[in-house]
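In what follows, a single structure is set out as structure tokens and then discussed.
The values are calculated or read from the model by the stated rules, or taken from the named source; none is laboratory data. Everything numeric here is computed off the predicted structure, so don't read it as measured data. Neighbour counts are summed over all protein chains in view; Cβ atoms, including those assigned to glycine, are modelled from backbone coordinates with ideal geometry.
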Ligand SMILES: [Ca+2]
Ligand SMILES: [Ca+2]
């Protein structure tokens, strides 16, 4: 018996030596890819467990693994589940644990008076890219039965373990727990065929979640857009991202030019002329986080619309020709889509000859000049230095 145990331990160490690093959406900190967990909180081998890690069997077949159906577990000699390698447990037997066992992911426990241990055979536990863990190789050795496979269930997430935050809402530093459900195969020799099984690993502390992946932006009007109202544009930005199945959006925060402006899923923000840095950060219920940034440029490339006209002072209509001694008003104004107050300048000119006489009367707003026509030229510029112009001619008849 002594020799057999030594041989089995040797086999186990070879399997562990083949450890491969699995890089996925989840990063593991520390020196090894071991999924550690807190030990269960009840001392009795079969009793109520309310804290820590446990497994449970729905032995009364009411569809629920109640607290009274839970058995606390604690990490095995390797510190927990070693990712990427098989982790067989050897030496299960009748009667409760006696120290002769070679444990795998967890220490031996006593279930219905007999010793059992969890193990990973056939397929190693690995972290999937979508944030789940592959538990299809999960199982138990109990009461001398080599393996009771617990790698599947009739549920849609058969063979998949899920990670969730201990608290709601989740924060990036929150404690993570792992939950896994399976059903004992109906033809299992243990006598527990068809019984539901649940695993809860509390505080998988070496385990850190990372990004939900790439976030894209749908910017109304595009990342470079023409100013379409006074001072800037109202911009709507919809983030485009993917959250793993079984997870949900828990929080979102938008900042524009380093100031937090919104916690709505869609950003609605007025942005003035110029370039703006838009940043979004997202956290899911399970604690996955994501962040991304984009730039939006609001520019004004449109010149002001300029109106230049001679207006008959009495009739208030634009005129192109007036008789001698008529009085007209100068109209020289501009409107701009983006700039509410474009700068306008205008000049009036007239064809003259050498020796012509000009009599000015500034106080009365009058110039007496012998000419047959006047020309008005107006220019306007907006805040972005776009310039528009217009002109008008007034003919003077006798
Ligand atoms: Ca039950
Ligand atoms: Ca403009």
Exception for residue 356 within (1) surrounded by 11 or more Cβ atoms within 10 Å (Cβ to Cβ); (2) within 20 Å of residue 329 (Cβ to Cβ) falls at (2)
Within the range 328-340, work out how many residues are farther than 18 Å from residue 308 by Cβ and either without any contact (Cβ under 8 Å) to a residue 40 or more places away in the chain or surrounded by 15 or more Cβ atoms within 10 Å (Cβ to Cβ) (or both). 3
Unique match (being within 16 Å of ligand 2 (Cβ to nearest atom), outside the structural domain of residue 373 (by TED's automatic domain parsing) and surrounded by 13 or more Cβ atoms within 10 Å (Cβ to Cβ)) among 251, 290, 231: 231
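For (1) within 23 Å of the chain's Cα centre (by Cα); (2) modelled with pLDDT of 95 or more, each residue gets a yes or a no:
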position: 133; (1), (2): yes, no
position: 140; (1), (2): no, yes
position: 148; (1), (2): no, yes
position: 155; (1), (2): no, no
position: 176; (1), (2): yes, no
position: 185; (1), (2): no, yes
Among the residues of the range 383-398, is any assigned to a strand (DSSP E or B) and at pLDDT below 95? yes
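Every residue, every condition in (1) buried (at least 16 other Cβ atoms within 10 Å of the Cβ); (2) within 30 Å of residue 283 (Cα to Cα); (3) without any contact (Cβ under 8 Å) to a residue 24 or more places away in the chain, yes or no:
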{"site": "112", "(1), (2), (3)": "no, no, no"}
{"site": "124", "(1), (2), (3)": "yes, yes, no"}
{"site": "180", "(1), (2), (3)": "yes, yes, no"}
{"site": "190", "(1), (2), (3)": "yes, no, no"}
{"site": "195", "(1), (2), (3)": "yes, no, no"}
In the range 302-316, which residues are surrounded by fewer than 17 Cβ atoms within 10 Å (Cβ to Cβ) and part of a loop (DSSP other than H, G, I, E, B)? 313, 314, 315, 316
Are any residues in the range 169-178 under 29 Å from residue 151 (Cα atoms) and part of a loop (DSSP other than H, G, I, E, B), and if so, which ones? 170, 174, 175
Quick one: is residue 299 under 27 Å from residue 365 (Cβ atoms) and surrounded by 13 or more Cβ atoms within 10 Å (Cβ to Cβ)? no
Residue count, the range 363-383 (criterion: within 18 Å of residue 303 (Cβ to Cβ) and surrounded by fewer than 18 Cβ atoms within 10 Å (Cβ to Cβ)): 2
Filter pass, residue 243 being out of contact with any helix residue (DSSP H, G or I) (no Cβ under 6 Å at 6 or more places or on another chain), in the same structural domain as residue 41 (by TED's automatic domain parsing) and not in a strand (DSSP E or B): no
Name every residue in the range 254-278 that is farther than 24 Å from residue 339 by Cα and surrounded by fewer than 16 Cβ atoms within 10 Å (Cβ to Cβ), in order of residue number. 258, 259, 260, 261, 263, 264, 265, 266
Could you pull out the residue among 121, 100, 82 that is away from ligand 1 (no atom under 16 Å from the Cβ), touching a helix residue (DSSP H, G or I) at 6+ places or on another chain (Cβ under 7 Å) and either modelled with pLDDT under 95 or within 24 Å of residue 196 (Cβ to Cβ) (or both)? 82
Among residues belonging to the range 296-328 that are touching a strand residue (DSSP E or B) at 6+ places or on another chain (Cβ under 6 Å) and over 30 Å from residue 370 (Cα atoms), point out the one that is nearest to ligand 1 (Cβ to nearest atom). 296
